[in-house]
Amino acid sequence: MTTEFVDVLVIGAGPSGCVSSSYLHQNNVTVKVVEKTKFPRLVVGESLIPRVMDHFDEAGLLPALKARNYEKKWGARFIRGNEICVFDFSQKFGEGWDWTWQVPRADFDNTLAQEVINKGIDLEFETEVIAVEFEGSNSITTVKDKNGILKTIHAKHIIDSSGYGRVLPRLLDLDSPSGLDPHSSIFTHVDDSRRPEGQEGTMISFDILETQVWLWVIPFSNGKTSVGIVGPTEYINSLSENGDNAEALRNAISKSDYYVKRFGGLEFLFEPVNLQNYSRSVKKMYGDGFVLTGNSSEFLDPVFSSGVCFATESGILAAKLIAKELQGETVNWETEYSDYIKQGVEVFKTYVKEWYTGNLQTLFFHQPENPDIKRKICAVLAGYVWDLENPFVKKHSNVIKNMAYMINSQM
């Protein structure tokens, strides 16, 4: 059995793994990436939010992504019957990027991975982690390649960016129940042959069918569009009597007055994917010699597209802290990593919960609009959930429900 020695082993070549490995490589850290699947591969999470642009920029990955001409995302539209609420990222509270992308993740993730390889980083596809042993903070990881050949990788640190593969949570018994109610989704892509011209056709939209049920529409620059239904698991399972995902999604589209003419009857480009009870959590986000990033640690809900943002935020922070440790500096992982990431997660978790209670929807669709409130909520939707200058970040646990109560009591 062959043996390799590196400073850092990164498990997973999605956005989190690519951002962390690229940052470490830029800072002269020897890093190896192992990815279980073969790219390109289908994955959910096609709507980004502006905060991710900071991370791609810091990791030196932005030029390669810009060259792909993905559909620019300037904001987001929320639809409820005849009511429409549009958030424009250029009108948000505070500093930060005013746009990002809507991306077919198969192409997007492959672009990131190939750029990582172009930088000289050792990335192995179709290589699965079988076992991990720790000797203090040093680790010995056994991996198996596509030919079934085993080898060991010795590393001073492991970054688990394996996403829903959740390698270390599974191997180290770190999984924990999510604090969110069980929700599921079904999605596919279509050739968007009836796409309207201009922003009407290209803006990402969330069409609310019921308070807890909504349809996502994410147009791509290649003429295809991602369409998905999200709701309580019991509701999603009720859309088809025999568990036929295609039938369920067609039934969901038929319930959308806004989109049934655009997507009704269109052929699905692949068998719709059903993600059951997708929310995830962990007992802890780091340990001696390892750190969990992105969906390996926590996944909330697709409603505000926070998944890739937390993946890249945690990925680049983990890389920065490991680089500090390798330079002999002391790192307090509890405060500098876990507390920091949890702070952002808790803000978004509040917004997800208040979306499904209907309180946030009350604020979104209230007329006349309050431009100041809208700017501050917009900053949260853009991913700037660590900006404590924003009262809708600092007071997230109460501000939404209190304002919704005030609005409802005046009606």
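The values are calculated or read from the model by the stated rules, or taken from the named source; none is laboratory data. Everything quoted here is computed from the prediction, not taken from an experiment. Every residue, glycine among them, receives a Cβ derived from its backbone with ideal geometry; neighbour counts consider all protein chains shown. Keep in mind that these areas ignore ligands, DNA and RNA; they rest on the heavy atoms of the full protein, side chains included. Shrake-Rupley method; radii C 1.70, N 1.55, O 1.52, S 1.80 Å.
Testing residue 272 on (1) open to solvent by 20 Å² or more (accessible area, probe 1.4 Å); (2) at pLDDT 95 or above, one condition comes back false. Which one is that?
With (1) open to solvent by 20 Å² or more (accessible area, probe 1.4 Å); (2) at pLDDT 95 or above applied to residue 272, the lone miss is (1).
Can you find, within region 345-356, the residue that is farthest from the chain's Cα centre (by Cα) among those that are touching a residue at least 60 places away in the same chain (Cβ under 8 Å) and open to solvent by 20 Å² or more (accessible area, probe 1.4 Å)? If you could, list the steps in order and put the result at the bottom.
Step one: list which residues in region 345-356 are touching a residue at least 60 places away in the same chain (Cβ under 8 Å), which gives 349, 352-353, 356.
If we keep only those that are open to solvent by 20 Å² or more (accessible area, probe 1.4 Å) as well, we get 349, 353, 356.
On the way: 349: 13, 353: 17, 356: 19 Å.
Ranking the candidates gives 356 first.
Under 8 Å between Cβ atoms, which residue pairs at least 6 apart in sequence (or on different chains) link something in region 267-290 that is closer than 13 Å to residue 190 by Cα with a partner that is among the small types (Gly, Ala, Ser)?
Going by the 8 Å Cβ cut-off, the qualifying pairs are 268/246; 271/246; 272/246; 272/248.
For region 315-356, enumerate the residues that are touching a Leu at 6+ places or on another chain (Cβ under 6 Å) and either outside any helix (DSSP H, G or I) or of a type in the set (Val, Ile, Thr) (or both).
331, 352
When region 280-292 is examined, which residues are found to be assigned to a loop (DSSP other than H, G, I, E, B) and either touching a Pro at 6+ places or on another chain (Cβ under 6 Å) or buried (at least 20 other Cβ atoms within 10 Å of the Cβ) (or both)? Steps first, please.
The first filter runs over region 280-292 and keeps only residues assigned to a loop (DSSP other than H, G, I, E, B), leaving 283-285, 288-289.
Within region 280-292, 285 is the sole residue that qualifies.
Does residue 305 qualify as being of a type in the set (S, T, N, Q), surrounded by 20 or more Cβ atoms within 10 Å (Cβ to Cβ) and farther than 20 Å from residue 226 by Cα?
no
Report, by residue number, each residue of region 324-344 that is of a type outside the set (D, E, K, R) and open to solvent by 10 Å² or more (accessible area, probe 1.4 Å).
Residues satisfying the conditions are 326, 327, 328, 330, 331, 332, 333, 335, 340, 343.
On the given criteria, is residue 263 over 24 Å from the mean Cα position of the chain (by Cα) and among the aromatic types (Phe, Trp, Tyr)?
yes
Taking the residues in region 129-174 that are open to solvent by 60 Å² or more (accessible area, probe 1.4 Å) and in a strand (DSSP E or B) as candidates, determine which candidate is nearest to residue 34 (Cα to Cα). Show your work before the answer.
Of all residues in region 129-174, those open to solvent by 60 Å² or more (accessible area, probe 1.4 Å) come to 130, 133-135, 138, 144, 146-147, 149-150, 156, 164, 170-171, 173.
Cutting the leftovers down to in a strand (DSSP E or B) gives us 130, 133-135, 138, 144, 150, 156.
On the way: 130: 12, 133: 17, 134: 18, 135: 21, 138: 18, 144: 10, 150: 13, 156: 16 Å.
Within region 129-174, the match that is nearest to residue 34 (Cα to Cα) is 144.
Does residue 112 meet the test of being more than 19 Å from the chain's Cα centre (by Cα) and touching a residue at least 24 places away in the same chain (Cβ under 8 Å)? It would help to see each step written out before you state the result.
Numbers: more than 19 Å from the chain's Cα centre (by Cα): no; touching a residue at least 24 places away in the same chain (Cβ under 8 Å): yes.
Criteria not met by residue 112.
Looking at region 41-51, is at least one residue in contact with a Lys or Arg (Cβ under 9 Å, 6 or more places away or on another chain) and more than 30 Å from residue 364 (Cβ to Cβ)?
yes
For every residue, the table says whether it meets (1) modelled with pLDDT of 95 or more; (2) touching a helix residue (DSSP H, G or I) at 6+ places or on another chain (Cβ under 8 Å).
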site: 165; (1), (2): no, yes
site: 170; (1), (2): no, no
site: 173; (1), (2): no, no
site: 185; (1), (2): yes, yes
site: 203; (1), (2): yes, no
site: 209; (1), (2): yes, yes
site: 212; (1), (2): yes, yes
site: 227; (1), (2): yes, yes
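Here is a yes/no grid of residues against (1) at pLDDT 95 or above; (2) of a type outside the set (D, E, K, R):
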{"site": "296", "(1), (2)": "no, yes"}
{"site": "302", "(1), (2)": "no, yes"}
{"site": "324", "(1), (2)": "yes, no"}
{"site": "349", "(1), (2)": "no, no"}
{"site": "377", "(1), (2)": "yes, yes"}
{"site": "385", "(1), (2)": "yes, yes"}
{"site": "407", "(1), (2)": "no, yes"}
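Residue-by-condition table, conditions (1) open to solvent by 40 Å² or more (accessible area, probe 1.4 Å); (2) outside any loop (DSSP other than H, G, I, E, B):
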{"site": "4", "(1), (2)": "yes, yes"}
{"site": "7", "(1), (2)": "no, yes"}
{"site": "17", "(1), (2)": "no, yes"}
{"site": "24", "(1), (2)": "no, yes"}
{"site": "32", "(1), (2)": "no, yes"}
{"site": "40", "(1), (2)": "yes, no"}
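For residue 163, indicate whether it is under 27 Å from the mean Cα position of the chain (by Cα) and at positive phi.
Yes; evaluated as a whole, the condition is true for this residue.
Please go through region 198-223 and give me each residue that is open to solvent by less than 10 Å² (accessible area, probe 1.4 Å) and assigned to a loop (DSSP other than H, G, I, E, B), ordered by number.
Answer for region 198-223, where residues must be open to solvent by less than 10 Å² (accessible area, probe 1.4 Å) and assigned to a loop (DSSP other than H, G, I, E, B): 204, 220.
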